[in-house]
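Just below is one structure, and these are the notes that go with it.
We did not get these values from a lab; they are worked out from the coordinates using the rules stated. Predicted model, so just to flag it, every value in this text is computed and none were measured. Counting neighbours? That spans all protein chains shown, and the Cβs are built from the backbone with ideal geometry, glycine included.
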Ligand code: F6R
C-alpha cells in the first residue's frame with residue numbers, strides 16, 4: 001500500500017483528482033469504479049473543474065458504482081443514483097449509458113447482482129476503483145466479517161453504519177437496512193485502488209486497514225493484498241498510524257516519473 005498523508009481534505013482531493021485524471025488521459029476508455037458519501041465529494045468537484053477548465057474528456061469513460069440502497073428509487077434524494085447525477089454525472093460528459101449503479105429496486109436481486117458482475121467483466125474490468133471507508137472499516141458496504149472473496153450481493157447494514165448515515169435520511173429509522181454492494185473480491189479485481197479518508201472519525205479504521213492484521217473484521221484490511229492500492233488521507237485520518245514519518249518520507253522522495 002502507498003499511504004499519502006496531506007494536510008487537508010482539499011489538498012488530498014486535488015492529488016486524488018490528478019490521479020483519476022491521469023488514468024482517464026492515459027486510457028480514454030478507462031473504466032472507473034466510483035463511491036458515494038461525503039468523502040469523494042471534493043474529488044468529484046475537482047474532476048468537474050478539470051473537465052471544464054482543462055477539457056478532461058469522459059466521453060469514452062465508463063463507470064461502475066460500488067453500491068445502492070435496496071428499496072430506494074433513483075429519484076429519491078438519498079439514492080446513490082441521485083447522488084451521482086447531482087455531484088458528477090450532470091456536470092461532465094459521461095454518456096448516461098456508460099454509467100452503472102446497482103438497481104436498488106431490482107425485482108430479482110441475486111439475478112441483478114450476477115448481471116452487474118457480468119457487466120463489469122464485459123467492460124474489461126475496472127481500471128481504478130475509488131473507495132471511502134466506514135468508521136467500522138467497511139469498503140463498499142462490505143460490513144465486518146464479509147467474506148474477503150465476496151461478489152456483488154445484498155448486505156445488511158450494521159447499526160453503526162445506519163447511525164453514521166442517519167443525517168442523510170433525517171433519522172436512523174429511515175435508513176434502509178439493506179444494500180446491494182460490490183463484494184470485496186469484486187473490488188480486489190480492480191487494477192488500481194484509490195482509498196480516501198478524512199477526519200478523526202476514520203483514524204481507527206485507517207490504522208487497522210493499513211497497519212492492522214488482515215482480517216474480515218476490518219474489510220479494508222483486504223487491500224493489504226492488492227498490488228496497486230493508494231491510500232490518500234488527511235492528517236486527522238492518519239493520526240492513529242504508527243509509521244507516518246516513513247509514509248511522508250516516501251511521498252516526499254518519489255522519483256519524478258512517479259509523481260502525480
Ligand atoms: C459509498 C460506500 C461507503 C462509504 C463509506 C464512507 O459508496 O461505498 O463505503 O465510502 O461509508 O462514507 P462517508 O464518505 O460518507 O464517510
Query raised in the report: What FRET efficiency would be calculated for the residue pair residue 73, residue 160, taking the C-beta separation as r and a Förster radius of 22 Å, to the nearest 0.05?
Result: 0.25
Query raised in the report: So how do 125-133, 110-118 stack up, highest first, on mean other-Cβ count within 10 Å?
Result: 125-133, 110-118
Query - Distance between modelled label sites at residue 171 and residue 228, nm, 7 Å Cα→Cβ extension - result: 4.7 nm
Report summary line: As a Kirkwood estimate from alpha-carbon pairs, segment 10-105 has a hydrodynamic radius in angstrom of 13.6 Å
Requested in this report: Quickly estimate the mean residue ellipticity at 222 nm for the chain, helices only: each DSSP H run with n ≥ 4 gives -39500 (n - 2.57), and the total goes over all residues, rounded to 500.
Outcome: -10000 deg cm²/dmol
Query raised in the report: Can you list, bin by bin at 5 Å, the percent of alpha carbon pairs in segment 123-168, starting at 0?
Result: 5, 17, 27, 25, 14, 9, 4, 1
Query raised in the report: Using only the Cα atoms of the chain, what do you get for the radius of gyration and for Dmax, in Å?
Result: 17.2, 52
Query raised in the report: With r defined as the distance between the Cβ atoms of residue 90 and residue 245 and R0 fixed at 41 Å, what FRET efficiency is calculated, to the nearest 0.05?
Result: 0.45
Query raised in the report: Given the Cα atoms of segment 116-195, and with Rh set as the inverse mean 1/r over their pairs in the Kirkwood sense, what is Rg to Rh to two decimals?
Result: 1.01
Query raised in the report: Mean separation of Cα pairs under 8 Å and 6+ residues apart, divided by the residue count of the chain: what relative contact order is that in percent?
Result: 24 percent
